[in-house]
Amino acid sequence: MRKTPQIGSNYLFYICIKMVKILLTRGQFAWVKFSTHQRLNVEHPSKFINNNITTQSLNKNKELFYQWLVGFTDGDGTFSISNSNGKWTLIYKLSQHEYNARLLYFIKSQLSVGKINKETKTKTVNYWIRDRNKLAEVVFPIFDNYPLLTSKYFNYLKFKEAYNILEDTNLTKIKRDELMFNLIKKLPSSDYISPAWAKVSNLVSNTYEANMVMSKPWLIGFTEAEGSFYLVNKSNCRIVHGFEITQKLDLIVLSAIGYILGIKTYSKNTYHTVVTTNSRSIENITNYYNNTMKGMKSFEFRVWARSYVKHKGNFTKLNEIRNKIRIRKLGTTLLNYKSKELNNQSIRLIHTTPLNNNWNLNLDNSNNKSIINRENGIYKIYDNLFLNDGKVLNSQDINEQMIDKFIFHLAETLEDLYDNNEWVVFNLYFLVKPDLNRFIKFDIENLNKHFAKYPLEFIDENIVKFYKNTGLLTARGVLVFWSLYDFNNLIKISSEFKNGIINNIQIINKNVHKDLNNTIVNYTNKFDINSEIMLIIHADFDKNKEPKN
């Protein structure tokens, strides 16, 4: 029988030795977004678009989310009608590679219905709704109010008609089967156009007409399903940025997208495409999609857009980025959804001290190559951290406004991690600065190994026990995919980290005197908000191996 990890170990001298068993759950990590700092002096061709749509507004505004969902469904959704052993089944389904499963979980959380399953052999994750009552209550109102724009509209009409047949209690089984089998034989013509385009007489000739039918949330959702952001050789010594959406049918949809994004539409023998490598168009696209997408396509876009701003025309750097993208198969198998599997990332140990850092660097292993092969490695340790340390000038702000000192120095520390590492998973452990005069023994490395046993979410749920045992105040994770970030976003993340510490302190101080016999206890007093804090930055070097070519 596998031994359950226990809170408490031999990194301190203990007076009481009692253990508590735990359950393991997955951890949570901070994701860093970026926005380009370069002002793009290009007017977007679409003058009728709500440019305030963001990934956050898709969370909060159901109308925007529904339009986004319809666009995503137009790209990657299916309305299936099947018969098995004489039983008819209707399924609305969205499928993604497992690396983008978090997008399907987002959709499920928004709709509050449906199920998710994984196909192990194909590494595909499916979100589906089969319950006919839920289809009528949730799915049909969305697609009736926000119609599909592609020929998939035809499949939706068949799907609804099938529902009406199956719900008709006046039909005999024989008649029902006859109607259903005739229905599934129906196919759209090759030039079928969704009725949604009737308001522009099935013809789009300018941006205004395109925007009359196609909303920005729809196009964002469709791009998450069908869009491609890539780097391509123009010559042996020149790499440029490209964008493309290709469809076998629905020329009118591609034409509308072309007008909205300001790029050309091409028709070939077997497909239609909107594609560009034009710099002005790439800048328009960068502006249009910035901070809008929900799934891993948003990460692909950030890599692509950031490399355009920082490295346009730099063949060596763009080729290096493209090779890394190919190694990681960006867009298909970049990473898995479950955070426990994110530990399969590589570590590159290069680290410099943040500028103007009043935090004391207590331990620095960043230049020690030997730790690459050591499991549960300590990267750096800082002390002299204080939550109530006043304000400092934000040197990264063009307006040079004052900012919370703790938040600013933490953001600089995160910036340093992002500037000097790629494909790295870091855990940040904030704990009480130990009184070394109190403990006979203080083994920081075993303490770090002890923390590394537990998922971050479990630590957060049991923070009082961890505090009483180790002095831990909070634990947070940071995923460094690439040296891409927006410092303002790092400020936001640092602010969230500080709020998390303060919230945990409040929980700790309310409960520190309770249940003193259920774990090893070293801290029995409330934490003073003005006390000194230590920060351990941890990386699991042994498990984070980058795959070879």
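Overview of results
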{"item": "Coil-residue trypsin sites (Lys or Arg not before Pro) of the range 47-120, DSSP, other Cβ within 10 Å capped at 10", "result": "47"}
{"item": "Contour excess over end-to-end distance, with Cα ends at residue 118 and residue 83 and 0.36 nm allotted per residue", "result": "10.4 nm"}
{"item": "Efficiency of FRET from Cβ geometry, residue 205 and residue 266, R₀ 22 Å, rounded to 0.05", "result": "0.85"}
{"item": "Label-point gap, in nm, between residue 510 and residue 488 - each point 7 angstrom along Cα→Cβ", "result": "3.5 nm"}
{"item": "Calculated P(r) tail over 27 Å for the range 200-328, as whole % of Cα pairs", "result": "20 percent"}
{"item": "Full-stretch length increase - residue 161, residue 358 - with 0.36 nm per residue and alpha-carbon distance subtracted", "result": "64.1 nm"}
{"item": "Cα radius of gyration and Dmax for the range 55-192 (Å)", "result": "15.9, 50"}
{"item": "Total charge dipole magnitude, the range 200-328, about the Cα centre, Cβ charges on Lys, Arg, Asp, Glu only, Debye to nearest 20", "result": "680 debye"}
{"item": "Two-decimal log10 I(q)/I(0) for the range 272-324, as the Debye equation yields it once each C-alpha is a single scatterer, q = 0.14, 0.22 Å⁻¹", "result": "-0.40, -0.94"}
{"item": "Modelled FRET efficiency - R0 22 Å, residue 233 with residue 320, Cβ distances, 0.05 increments", "result": "0.95"}
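Values quoted throughout were computed directly from the atomic coordinates according to the rules given, and no laboratory measurement underlies them. Source: prediction; values computed, not measured. Cβ atoms come from the backbone with ideal geometry, glycine included; neighbour counts cover every protein chain shown.
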